[in-house]
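The numbers here are math on the coordinates, done by the rules we state, and not lab data. Computed from a prediction, not measured in an experiment: that's the story for all the values here. Glycine gets a Cβ as well: all are built from the backbone with ideal geometry, and neighbour counts include every protein chain shown.
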Amino acid sequence: MEIKQINDIKRGYFEAVEGDKQAGKMTYTWAGDSKFIIDHTEVNEEFNGKGVGKKLVMAAVEYARNNGLKIIPLCPFAKSVFDKTEEIHDVLFR
């Protein structure tokens with residue numbers, strides 16, 4: 001499974017693709033230059049239970065770490081991943 005990122009000045013998304021199918025998508029909105037808000041995570045029904053949503057959140061975490069950014073997880077799914085995963089709290093905006 002490949003995770004792609006599409007980013008522009010105000011918003012962007014991470015997309016999980018397997019073969020020619022979109023497995024899931026997680027959208028975000030920039031909140032200034034140093035943080036972004038994860039606002040929605042959606043997984044294609046066909047890929048439910050395969051960890052696609054978590055892979056998308058972890059791709060966002062990696063992006064934040066590599067670029068010195070913080071994340072505000074407003075999306076309930078992303079928030080639940082942050083709540084359960086202590087080792088990613090370094091990129092959590094407080």
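At a threshold of 8 angstrom on Cα-Cα distance, excluding pairs fewer than six apart, so keeping six or more, what relative contact order does the chain reach in percent?
Answer for the chain is 22 percent.
Provide the percentage of antiparallel DSSP beta bridges, counting only those with both residues in the stretch 2-91; round to the nearest 5.
Among the beta bridges of the stretch 2-91, antiparallel pairing accounts for roughly 85 percent.
Taking 30 Å as R0, compute the FRET efficiency from the Cβ-Cβ separation of residue 20 and residue 40 and round it to 0.05.
On the way: r = 23 Å, r/R0 = 0.76.
Using R0 = 30 Å, I get an efficiency of 0.85.
Provide the per-residue ³J(HN,Hα) series for the stretch 15-29, in order, calculated from phi with Karplus coefficients 6.51, -1.76, 1.60 and θ = phi - 60°, each as a whole number of Hz, with x at glycine and proline positions.
Those phi angles translate into 10, 9, 10, 10, x, 10, 10, 7, 7, x, 8, 10, 9, 9, 10 Hz.
Out of residues 5 or more away from residue 74 or on other chains, whose amide H comes under 5 Å of its own, with H placed 1.01 Å from N in the peptide plane?
Amide H neighbours of residue 74, under 5 Å, 5+ apart: 38.
Apply the Karplus curve 6.51 cos²θ - 1.76 cosθ + 1.60, θ = phi - 60°, to the phi angles in the stretch 37-46 and return the couplings in whole Hz, x for Gly and Pro.
For the stretch 37-46, the Karplus curve yields 9, 7, 10, 7, 10, 9, 10, 4, 3, 4 Hz.
Among (1) -0.45, -0.51, -0.93; (2) -0.33, -0.38, -0.91; (3) -0.37, -0.43, -0.94, which is the computed log10 I(q)/I(0) by the Debye sum over Cα atoms at q = 0.12, 0.13, 0.20 Å⁻¹?
It is the one labelled (2).
For the stretch 53-65, take each phi angle, set θ = phi - 60°, evaluate the Karplus expression 6.51 cos²θ - 1.76 cosθ + 1.60, and give the result in whole Hz per residue in order, putting x for glycine and proline.
Karplus values, whole Hz, x for Gly and Pro: x, 5, 4, 5, 4, 5, 5, 5, 4, 4, 4, 4, 4.
Run the helix sum for the chain: -39,500 (n - 2.57) per DSSP H stretch of 4+ residues, divided by residue count, reported at 222 nm to the nearest 500 deg cm²/dmol.
-8500 deg cm²/dmol
Multiplying the sequence separation of residue 84 and residue 30 by 0.36 nm and subtracting their Cα-Cα distance, what value in nm do you get?
Result: 17.0 nm gained on full extension.
Go through 23, 43, 64 and say which Cα lies farthest out towards the positive end of the charge dipole of the stretch 2-91; charges sit on Cβ, +1 for Lys and Arg, -1 for Asp and Glu.
64
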